[in-house]
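K.L.:
One structure, pasted below without further comment.
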4 protein chains.
Amino acid sequence: MSAAIFRCAIETRTSETNATGHIDHTVIPVWFELARRPIYKLFNPSEEFSTWNTIIRKLELDFLLPIHHRLRTEVRSQVSAIGNTSFTVTQELWQEDRLVATGRVIIVYFDYSMQMKAPIPEAIRELLEFP
Amino acid sequence: MSAAIFRCAIETRTSETNATGHIDHTVIPVWFELARRPIYKLFNPSEEFSTWNTIIRKLELDFLLPIHHRLRTEVRSQVSAIGNTSFTVTQELWQEDRLVATGRVIIVYFDYSMQMKAPIPEAIRELLEFP
Amino acid sequence: MSAAIFRCAIETRTSETNATGHIDHTVIPVWFELARRPIYKLFNPSEEFSTWNTIIRKLELDFLLPIHHRLRTEVRSQVSAIGNTSFTVTQELWQEDRLVATGRVIIVYFDYSMQMKAPIPEAIRELLEFP
Amino acid sequence: MSAAIFRCAIETRTSETNATGHIDHTVIPVWFELARRPIYKLFNPSEEFSTWNTIIRKLELDFLLPIHHRLRTEVRSQVSAIGNTSFTVTQELWQEDRLVATGRVIIVYFDYSMQMKAPIPEAIRELLEFP
């Protein structure tokens, strides 16, 4: 499997905090989506919505430590499994040198015109393995 | 002019607070957009995006008092002016019996296929005046 | 275990759609959080942040069908397991008569002053079982 | 007056688009808030919420052109007026070489412990003029 790790720096926003003083947990899926951008580009290099060809099937998040505003924040993403019609991205949220949350998302290769899943083409499969 | 006031109850969300303990100011445009739904329906009864025919030109918000989570919250909206190609909606945000914010939005009647503004049809104009 | 199902109607918002024309997947955790409000009230009847006593440990979401704007939308939530210091809420997202997403969230009873988890008090445990 | 222009690059997010295919107008206040960070730091160098000392009084936005996902996006912010207890920030949203929106926000110097506005201290006033 690919060992490539995609790193994405996040600038936290005041509107992403909540009244507990921390980042609201609902923000983490937004940051993780943003951090998957280089992976989505392997599937859809133009990044146009008209040629979009993936769909999220499952999302799992583990919250390990409170998530703070304005700390140095980075999402690290890695393709951790590739199936016939889907693949898994494992993601870590780091603030300074602490791992504060982890996630796992299963994404399906999807033909929007046919409204059905499809086998991941070999060319993309190779990119996922050796980006 | 129409005296019709459209009332929209808002259920505040935890993710809409920020670390000051209040509702983040960036949330108010979202609530005001939601509260304009009955006005948008006068323009586009199906509410389909494919037949959407308005576009926001200007938004002004005045913040009068801190906005709290979980108070009884209501937006009151009124069409306050109708021009040739645009109209103005004046909005108030009430929490319990206090007026906490006001807004004014100018919305243009817009032909998306031509990508240009157009005169508001007489039938819609009458609905705006006497909804 | 409790069979109580908490139902929460959701009014979808335009800003919650994305350019694919559907509701963005990152919105579902926000709706599910809102729908857990009656469960949080069992733990913290005042709903004040100063007495907040739970923290989210894990969130799992399954996306089954595209989620649409402006359909009749309801979240159904149920306490499905109660452990010593944590409990599980199972949630379903319904649009009209279709189940479009499901979720499972593990929430820890948390002493914010001590910054540590604590056993769920017996009185709250009974409320969770027989709300 | 200061001619200093604070530039803030924005990485647009998929969840910020809406079903029209463009960026939802409610996102612009979030980007503008983020872009004011260097100005807020003049008032509150630690950026701690416990020492926060400003409050938003008025926000005006003009939408000039559709705002697109994934174009090179920059907010340019400038302190355009300084009064006794408040100041004005004028902001521009650029995508590639097009000005797509402008904004003006009036921010009050606020003593949260006294819950009242206060004169902007001379030292901060000088920083606003010559950052």
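FYI, it's all coordinate maths here, none of it is from the lab. For clarity, every value in this text was computed on a predicted model and none was experimentally measured. All Cβ positions, even for glycine, are placed from backbone atoms using ideal geometry, and neighbour counts span all protein chains on display.
K.L.:
Taking the Cα centre of each part, how many Å lie between region D:87-131 and region A:45-61?
P.N.:
Taking the Cα centre of region A:45-61 as reference, the centre of region D:87-131 is 38 Å away.
K.L.:
Compute the projected area of the convex hull of the Cα atoms of the protein assembly as shown, averaged over all viewing directions, and report it in nm² to one decimal place.
P.N.:
Approximately 26.5 nm², given one-decimal rounding.
K.L.:
Find the eigenvalues of the gyration tensor of the Cα atoms of region D:6-125, then list the square roots of 5 times those eigenvalues as equivalent ellipsoid semi-axes, largest first, in whole angstrom.
P.N.:
29, 14, 13
K.L.:
Which residues does a label at residue D:123 reach in region D:33-49, if reach means a backbone N under 13 Å from a point 7 Å past the Cα toward the Cβ?
P.N.:
Only D:42-46 pass the distance filter.
K.L.:
Another question about this same structure. Within the set A:58/A:117; A:58/C:58; B:41/D:58; B:58/D:58; B:58/B:117, which residue pairs have Cα atoms separated by over 19 Å?
P.N.:
B:41/D:58
K.L.:
Please sort by residue number the GluC sites (Glu not before Pro) in region B:23-131 whose DSSP state is loop and whose Cβ has at most 13 other Cβ atoms within 10 Å.
P.N.:
Answer in residue order: B:48, B:96.
K.L.:
Could you please rank D:24, C:62, D:111, placing first whichever residue has the fewest other Cβ atoms within 10 Å of its Cβ?
P.N.:
Final ranking by Cβ density, sparse to dense: D:111, C:62, D:24.
K.L.:
Report, for residue A:47, each distance to the same residue's label point in the other copies, shortest first and in nm; define the point 7 Å along Cα→Cβ.
P.N.:
Copy-to-copy label distances for residue A:47: 2.4, 3.2, 4.0 nm.
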